[in-house]
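Notes to accompany the following structure.
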């Protein structure tokens, strides 16, 4: 394989990845909810001027939740394609994949609380002091 073919394969693989991502965004309500949460985290991070290390933790958590949701969706699509009828084993696999999303989301909430709650508390105290 020459260099041009290698670049074409790379570009094609990115195209497939983006097509899959667009498909998930269009079809999965939970993914859109997670995207909204990521947007809110970004706004809060900007508003409270989080540190570089806090930003890193937030970005990694957001990425983990979004990646887990995409993997969950891909497992559901594949399971439905292979075994469209209800099956207990397929149901357990889908539930386990959803559990992975839940674990990532709960960890992200914990990190968000560690980063933002002290900043929100300080901000509220400043508001209270300035009004009274």
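Every number in this text was worked out from the coordinates using simple rules, so none of it is lab data. Computed from a predicted model, the values in this text were never measured in an experiment. Please note: Cβ atoms are built from the backbone with ideal geometry, for glycine as well, and neighbour counts cover all protein chains shown.
What the table below lists for this structure:
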| item | result |
| --- | --- |
| Residue of 65, 22, 101 that the Gaussian network model of the chain assigns the largest fluctuation, springs spanning Cα pairs under 10 Å | 22 |
| Cβ-based exposure ranking for 75, 103, in which fewest neighbours within 10 Å come first | 103, 75 |
| Estimated distance in nm for a label pair at residue 78 and residue 42, the labels positioned 7 Å out from Cα along Cα-to-Cβ | 2.9 nm |
| Rounded FRET efficiency, nearest 0.05, which uses the C-beta distance separating residue 87 from residue 59 and R0 of 25 Å | 0.10 |
| Theoretical gain in end-to-end length, residue 49 to residue 2 [0.36 nm per residue, Cα-Cα removed] | 12.2 nm |
| Principal-axis tilt of helix 3-27 within the chain, Cα atoms, nearest 10 degrees | 70 degrees |
| Exposure proxy ranking, count of Cβ atoms within 10 Å, fewest first, for 95, 87 | 95, 87 |
| Using alpha-carbon coordinates, inclination of helix 88-131 to the longest axis of the chain, degrees | 20 degrees |
| Relative contact order (percent, whole number), the range 28-131, Cα cutoff 8 Å, 6+ residue spacing | 36 percent |
| Value of [θ]222 nm, deg cm²/dmol, for the chain, DSSP H segments ≥ 4, -39500 (n - 2.57) each, nearest 500 | -32500 deg cm²/dmol |
| 0 to 90° range, to nearest 10: angle between helix 29-47 axis and the chain longest Cα axis | 30 degrees |
| Ranked list, fewest to most other Cβ atoms within 10 Å of each Cβ, for 122, 76 | 122, 76 |
